[in-house]
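The values are calculated or read from the model by the stated rules, or taken from the named source; none is laboratory data. Here the structure is a predicted model, which means the values were calculated and not measured. All Cβ positions, glycine included, derive from the backbone under ideal geometry; neighbour counts span all protein chains shown. Accessible surface areas use protein heavy atoms only, side chains included; no ligands, DNA or RNA. Shrake-Rupley method; radii C 1.70, N 1.55, O 1.52, S 1.80 Å.
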Amino acid sequence: MSDSNGLNVVVLAGGISHERDVSLRSGRRVADALTSAGHTVTLRDPDAGLLPFLADTRPDVVFPALHGSSGEDGSLLGLLDALGIPTVGSTAAAARRAWSKPIASSLIAASGASVPESIVLSHESFRELGAAGVLQIVRDALPGELVVKPAMGGSAQGVSIVTDPSDLARAMVDAFTYADVVVVERRILGTEIAVAIVDAGEGPVALTPVEIDPTAGIYSFQARYNAGETTFYAPSRLDSAAIETVAAAAIHAHTTLGLRDLSRVDFIVDAAGVPWFLEANVLPGLTETSLVPLAIEASATNAAAVYSGLVHAAVARAARTTARA
């Protein structure tokens, strides 16, 4: 479907994070969708030439499709705001809140939502206090199965499921490979659900929740981006009451963290139908195997329409801000 009000859009993809390849795939998909909707699209890597290019060309809007610290920690978003260029996505402050899993979880827990019990450890404290003693305290405080993950980052890189306490040390080492701070949380057993939130200017709307059923039992990096390694159900096989509950929980998390435009919120829904918050993504994957495009398709719309709506909303928001100044 072509957009009669085509815009000059710069899509950002790539970067130097561990998720560069995923970002490039997301960016190409976004660029293709926006082009099909009638927009003029330039695909750019966030390299040393990006900011001068944006300052010189002044595109109508920027659509970041970056993953990892190059886009999700808020740094680039803050610079784009300083340049005065309309940008799809959350503010830099909101991105920082969501980028840090401990901060996001603390805010969601304080709002009254269910969040797995956890302990957060820095690499420095792990070394200075003695690994053996720290691990024993963690095992005693969080008995049973655990999830160990970097406090920042995405695509399940550095994430381990620990079923045997003797494997905790190895899981910590793996997670510290990706971040200097690690979260050890109690594993919630249930159904893994991802909810995409879209707000094109009329308030946040939860798209059809997607159920994730990885063949290997763990939604790893490989399971996320290799076709055939995960079965997705959109809509989820949960009953209608649980689906409504998790959709409402996703909107609540999106709002609590101050996110805007597009996000993806991940949960485990337990046997009682309670959604447990895992994390929120301000720049979720948009590849051919990613969850947001699946949710868009299942919600009786298409990526071109959704992304086009978001770029127009970003331009309109910037115009309102300018008018108030």
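Would you confirm, using the coordinates I've provided, whether residue 183 is within 28 Å of residue 272 (Cα to Cα) and either modelled with pLDDT of 95 or more or part of a helix (DSSP H, G or I) (or both)? Here the answer is yes, as residue 183 does meet what is asked.
Considering the range 118-132, the residues that are outside any strand (DSSP E or B) and not small (Gly, Ala, Ser) include one that is nearest to the chain's Cα centre (by Cα), namely 123. Quick one: is residue 135 in a helix (DSSP H, G or I), farther than 22 Å from residue 266 by Cα, of a type in the set (A, V, I, L, M) and out of contact with any Leu (no Cβ under 6 Å at 6 or more places or on another chain)? The answer is no for residue 135.
Provide a single number: the residues in the range 207-251 that are open to solvent by less than 10 Å² (accessible area, probe 1.4 Å) and at pLDDT below 90. Residues meeting the conditions: 1. Do the conditions hold for residue 137, that is, is it of a type in the set (Val, Ile, Thr) and under 18 Å from residue 188 (Cβ atoms)? In short, no. The residues of the range 145-158 that are part of a loop (DSSP other than H, G, I, E, B), over 14 Å from residue 281 (Cα atoms) and at pLDDT 90 or above amount to a single one, 145. The residues in the range 124-179 that are on the phi > 0 side of the Ramachandran plot and either acidic (Asp, Glu) or touching a residue at least 60 places away in the same chain (Cβ under 8 Å) (or both) can be counted, and the count is 3.
Of the residues making up the range 252-265, not a single one is in a loop (DSSP other than H, G, I, E, B), in contact with a strand residue (DSSP E or B) (Cβ under 6 Å, 6 or more places away or on another chain) and surrounded by fewer than 21 Cβ atoms within 10 Å (Cβ to Cβ). Whether a residue is under 24 Å from residue 179 (Cβ atoms) and not in a loop (DSSP other than H, G, I, E, B) was assessed, and residue 106 passes this test.
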